[in-house]
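Note sheet for the following structure.
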Amino acid sequence: MKVIYVNANNLQEIKESAPHVAMALGYFDGVHLGHQKVIRTAKEKAKAQKLSLAVLSFFPHPKSVLFSDKEVSYLEPLEQKIEKLERLEVDVFYIVEFTKELAKVEANDFLEDYIIGLNAKEIICGFDYTYGAKARGTVHTLATYAAIQQVGLSVVEELKWKDQKISSTLIRRYLTERKLSELPRLLGRFYKTKYSQKNGLLPNYSLPNVGSYKILIEDQHSIIECVATVKCKKYIQIHHELSTLPNLLTIQWVDHVDRLETIPS
């Protein structure tokens, strides 16, 4: 998979060599099952039209730029998102630098430069996708534009779990409410973070709320089952012999432990 970082300065150069693609649009934080549905729909369109499969997203998160006084809770860093998209057999991942200047670009201009300009012949997005200045672009304006440009458009309906839309917002809520056992129904697997025993949680991950949890630590050749206590947003206590573990840990978060006395000493 080619990972291409796009900004206002290099956009024109990238346009010149951009392949014809079926392009999935979204932020894709967590690459949950709803996101995967959008990408798999794009993959079907790419195969049918003999196009490359592309995903277009942003970094940093638009809210972190537009509301700099508010902390944005990311579910995962770009590196992990890239790994997931590669497993979904995406050919090109466009990462557009989100800036205050980009936030002022009108909806049709954004489509002209970053979607049609990057040779999207099929556009695929979720039903609630918005774009352009003040999010004035919607799937309805996108449908009108796509018809004029004579490109295909597929709008993917929401995917639900327990009558709620599967979303990054719902995943964050379940982390806050300690409902970790629900997350595989949203993500397709347990929620995963990387943690340094020396420096704490790596950037752009989120920990569950303060409390104790069953976890799985991915060792080089095995999986270690134990319990971890979340102390704050960055640090945890692992109830295991730490000297046998590497400094950098990959942790799968399984379930909340109700009673502290269940933690082994």
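If you check 123, 95, which single one turns out to be closer than 22 Å to residue 59 by Cβ, buried (at least 20 other Cβ atoms within 10 Å of the Cβ) and not small (Gly, Ala, Ser)? Outline the logic, then answer.
Details: 95 fails: buried (at least 20 other Cβ atoms within 10 Å of the Cβ).
Checking each option against the conditions leaves just 123.
Looking at (1) surrounded by fewer than 19 Cβ atoms within 10 Å (Cβ to Cβ); (2) modelled with pLDDT of 95 or more; (3) among the small types (Gly, Ala, Ser), which is the only condition residue 167 fails?
(1)
Go through the range 56-90 residue by residue and tally those that are of a type outside the set (S, T, N, Q), part of a loop (DSSP other than H, G, I, E, B) and either free of Cβ contacts under 8 Å to residues at least 40 places away in the same chain or within 24 Å of residue 119 (Cα to Cα) (or both). Before you say what the answer is, go through the steps one by one.
Taking the range 56-90 and keeping what is of a type outside the set (S, T, N, Q), we get 56, 58-63, 65-67, 69-72, 74-79, 81-90.
From what is left, the residues that are part of a loop (DSSP other than H, G, I, E, B) are 60-61, 67, 69-72, 74-77, 88-90.
Still in the list and also either free of Cβ contacts under 8 Å to residues at least 40 places away in the same chain or within 24 Å of residue 119 (Cα to Cα) (or both): 60-61, 67, 69-72, 88-90.
Within the range 56-90, residues that are of a type outside the set (S, T, N, Q), part of a loop (DSSP other than H, G, I, E, B) and either free of Cβ contacts under 8 Å to residues at least 40 places away in the same chain or within 24 Å of residue 119 (Cα to Cα) (or both) number 10.
Got a sec? Which strands (runs of 3 or more DSSP E) wholly within the range 151-225 have at least 3 residues that are out of contact with any Phe, Trp or Tyr (no Cβ under 6 Å at 6 or more places or on another chain) and in the same structural domain as residue 61 (by TED's automatic domain parsing)? Before the answer, list the steps.
Numbers: elements: 152-156, 191-196, 211-218.
Those strands (runs of 3 or more DSSP E) span 152-156.
Find the residue count for the range 141-180, including only residues that are in contact with a Lys or Arg (Cβ under 6 Å, 6 or more places away or on another chain) and more than 21 Å from residue 115 (Cβ to Cβ).
Here the count works out to 3.
Would you point out which residue out of 124, 115 is modelled with pLDDT of 95 or more, within 22 Å of residue 53 (Cβ to Cβ), among the hydrophobic types (A, V, I, L, M, F, W, C) and assigned to a strand (DSSP E or B)? Quick ask: steps written out before the conclusion?
Details: 115 fails: assigned to a strand (DSSP E or B).
The unique qualifying residue is 124.
Just to check your reading of the model, which residue among 69, 29 is closer than 28 Å to residue 133 by Cβ and in contact with a helix residue (DSSP H, G or I) (Cβ under 6 Å, 6 or more places away or on another chain)?
Working: 69 fails: in contact with a helix residue (DSSP H, G or I) (Cβ under 6 Å, 6 or more places away or on another chain).
Answer to the check: 29.
Which residues, counting only those in the range 1-40, are part of a helix (DSSP H, G or I), among the hydrophobic types (A, V, I, L, M, F, W, C) and farther than 29 Å from residue 170 by Cα? Break it down stepwise before answering.
Taking the range 1-40 first, the residues part of a helix (DSSP H, G or I) are 11-17, 33-40.
Subsequent filtering for residues that are among the hydrophobic types (A, V, I, L, M, F, W, C) retains 11, 14, 33, 38-39.
Residues satisfying the conditions are 11, 14.
The values are calculated or read from the model by the stated rules, or taken from the named source; none is laboratory data. Predicted model only: the values in this text are computed from it and were never measured. With ideal geometry, Cβ positions are generated from the backbone for all residues, glycine too; neighbour counts draw on all protein chains shown.
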